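The values are calculated or read from the model by the stated rules, or taken from the named source; none is laboratory data. The structure presented is a predicted model; accordingly, all values stated were derived computationally and were not measured. Every residue, glycine as well, gets a Cβ built from its backbone with ideal geometry; the counts of neighbours run over all protein chains shown. Only protein heavy atoms, including side chains, enter the accessible area calculation; ligands, DNA and RNA are left aside. Shrake-Rupley method; radii C 1.70, N 1.55, O 1.52, S 1.80 Å.
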Amino acid sequence: MDLKQLRYFVHIAELGSFTRAASFLSVAQPALSRQIRALEVELRQTLFERNGRGIKLTEPGKRLLAHSRGILQQVDNAREDMESARGAASGHLAIGLAPSVSRALTAPLVAAFRERFPSATLTVVDGLSAHVLEWLQMGRVDCAVVYNMAPSADVELVPVLDEALYLVSARAEGQPRVGRPISLARLAATELVMPSRPHSIRMVVETALLAAGHKPRIATEIESVPAILDLVEMHGMHGALTLNGVNSHRGGEAFQVRPIGPPRLTTTLWIATSAQRPRGPLLVQSIALLRELLGQVWAE
């Protein structure tokens, strides 16, 4: 097993096709197939199932993919650590973002990163905060912007800002964009469409209601913020979201938002890094860039 085989394997798995991977890697497809076959022979496992619709990973293939991503990320980290001895902000950085953060931050982040670090490359991935932290611990990403995470010995968390939560409803003609605050008792009596546990907003709402002696009424569990807003807009349902999450949906003009509380419900945005891996100049300077951009974009 060598690094080239692992890189080939990861690209095939992520692109879902030997043909697409060969084109992306500029490698002849027969040569690519031989490398994967050699890997399967060495591991004595079938890594891909081949059928008329293409390929998919076997269970051993899925396990190897998780290991391979971590191994290749560690190799990249080692190269960047060697670069750090020269004090250069170069190499590759992978950043994980919560979905609502990704929609607002990705474009300005990519533009600022390219301008500030011309010798470096950037990957941005998004996912629920819990998933992004798993990627951080596996080495798939170097840092992450996540909501309301519990402290961990493996992860360093730095708070960036607090975002208020609002009850979100479809906005009728003539209604103001921001309505009157809603009490926790009234919120508990409102059927909500929300993400499932352990989504950060779900946990904030449930914890606050339970502390006040109430239980939430969850009508439907939906993981996608855009899907939640579609249900609110088109079917008269209600959600609990940050203002940034609402505004990501066509500017948010179709919705009325009502502050929740007192006490006001808020969710904290954190920058997370691994406590187990060294920080090179690129990571250190990128964290500073993230803090700067988050302050600017959220203020706007």
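Counting only DSSP H runs of at least 4 residues, each contributing -39500 (n - 2.57), and dividing by the residue count of the chain, the helix-based mean residue ellipticity at 222 nm comes to -15000 deg cm²/dmol. Considering only beta bridges that DSSP places wholly inside the chain, some 65 percent are antiparallel. Ligands, DNA and RNA are left out, and with a 1.4 angstrom probe the accessible area of the chain is 50 Å² per residue.
Counting only residues at least eight positions apart within a chain, or on another chain, the aspartates and glutamates with an alpha carbon under 17 Å from that of Lys62 are Glu14, Glu40, Glu42, Glu49, Glu134. Under the simplified labelling scheme, the Ser119-Ala28 pair shows an inter-label distance of 3.7 nm, with each label point 7 Å from Cα along Cα→Cβ. Taken as Cα centroids, the stretch 137-156 and the stretch 226-269 sit 26 Å apart, rounded to the nearest whole angstrom. Within the listed set Arg50, Arg114, Arg171, the residue fluctuating most in the Gaussian network model of the chain (springs between alpha-carbon atoms under 10 angstrom) is Arg50. Please report, as a whole percent, how much of the solvent-accessible surface of the chain comes from carbon and sulfur atoms (probe radius 1.4 Å). Carbon and sulfur atoms account for 53 percent of the accessible area of the chain.
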